[in-house]
Amino acid sequence: MKLAVYIGLLHAGEQALAQSFRQLADGHGDEPDVYHLCHTLAQQCDEHEQRLAPIVERYGEQPDAEPERFRLEAMSESRTGALALLRDLQDVRMLVSFVDTTWTVVKQGALALRDEELLAVATDCESQTKLQQDWLLTRIKQAAPQALLVTS
């Protein structure tokens, strides 16, 4: 069974995402909504990781550093300014998309296994991850005009 591969991807993905949200919050602390909501979303990722613990005990996990590589390549340093905020939001959204897709794959595995506990965790976490994606896209739309047209 290869479920452990995707559980490992989720574990690493949620960790990388939590770090990315915290870096985004701290790097753009002058934007109050970004600061506060990104810290809340980072905590949500921490909770997702905790909910994976019994799943890891049951199925194991194959560690995978790919999500961390995405984070390091995209957000190796804090950028400043309106254009930097736009780029950082876009980078985090790409990582959220990866995690969302990974939850979808694990959810399909849960359905095939008829594992109600795994299905409940995957459904809840996938739903919250989609909301993270939605907020990032909304914030990108809000930041784009300022970044592209107003700043020099």
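Observations, loosely collected:
- Accessible-area composition of the chain, carbon plus sulfur, in percent [1.4 Å probe]: 53 percent
- Contact order for the chain, expressed relative to its length and based on alpha carbon pairs under 8 Å spaced 6+ residues apart, stands at 29 percent.
- Among the GluC sites (Glu not before Pro) in the stretch 1-94, those placed in a DSSP loop whose Cβ has at most 13 other Cβ atoms within 10 Å are E77.
- Placing dummy labels 7 Å off each Cα toward the beta-carbon, the span from E57 to A144 is 4.6 nm.
- Rolling a 1.4 angstrom probe over the protein heavy atoms with all chains in place gives the chain an accessible area of 53 Å² per residue.
- The chain: DSSP helices with Cα axial extent of at least 30 Å and average Kyte-Doolittle hydropathy no lower than 0.0: 3-27, 82-113
- Zone of K2's modelled label, taken as backbone nitrogen in the stretch 48-65 under 14 Å from a point 7 Å along Cα→Cβ: 62
- Annotation: aspartates and glutamates with alpha-carbon distance below 14 angstrom to K130 (same-chain offsets under eight excluded): E14, D100.
- Positive-end residue, the chain charge dipole about Cα centroid, Cβ charges, pick of A120, V96, V5: V96
- Neighbourhood charge, 12 Å Cβ-Cβ cut-off, centred on Q90 and excluding it, Lys, Arg +1 and Asp, Glu -1: +3
- A147 sits among other residues whose Cβ lies under 13 Å from its own Cβ, and their net charge, with Lys and Arg +1 and Asp and Glu -1, is +2.
- Computed from point charges on the beta carbon alone (+1 for Lys and Arg, -1 for Asp and Glu), the dipole magnitude for the chain about its Cα centre is near 400 Debye.
- Inter-label distance, nm, simple model (7 Å from Cα along the C-beta direction), A84/Q43: 2.6 nm
- Residues of the chain were split at every exposed loop site, defined as trypsin sites (Lys or Arg not before Pro) in a DSSP loop with at most 13 other C-beta atoms within 10 angstrom, and the longest piece left, sites excluded, is 3-113.
- Length-normalised contact order for the stretch 85-152 - Cα pairs under 8 Å, 6+ apart - percent: 48 percent
- Accessible surface of T123, taken over heavy atoms with a 1.4 Å probe and every protein chain present, rounds to 50 Å².
The values are calculated or read from the model by the stated rules, or taken from the named source; none is laboratory data. These numbers come from a predicted model, not from an experiment. When we count neighbours, we look across all protein chains shown, and the Cβ atoms used for this are built from the backbone with ideal geometry, even at glycine. Calculation scope for accessible area: heavy atoms of the full protein, side chains included, ligands and nucleic acids excluded. Shrake-Rupley method; radii C 1.70, N 1.55, O 1.52, S 1.80 Å.
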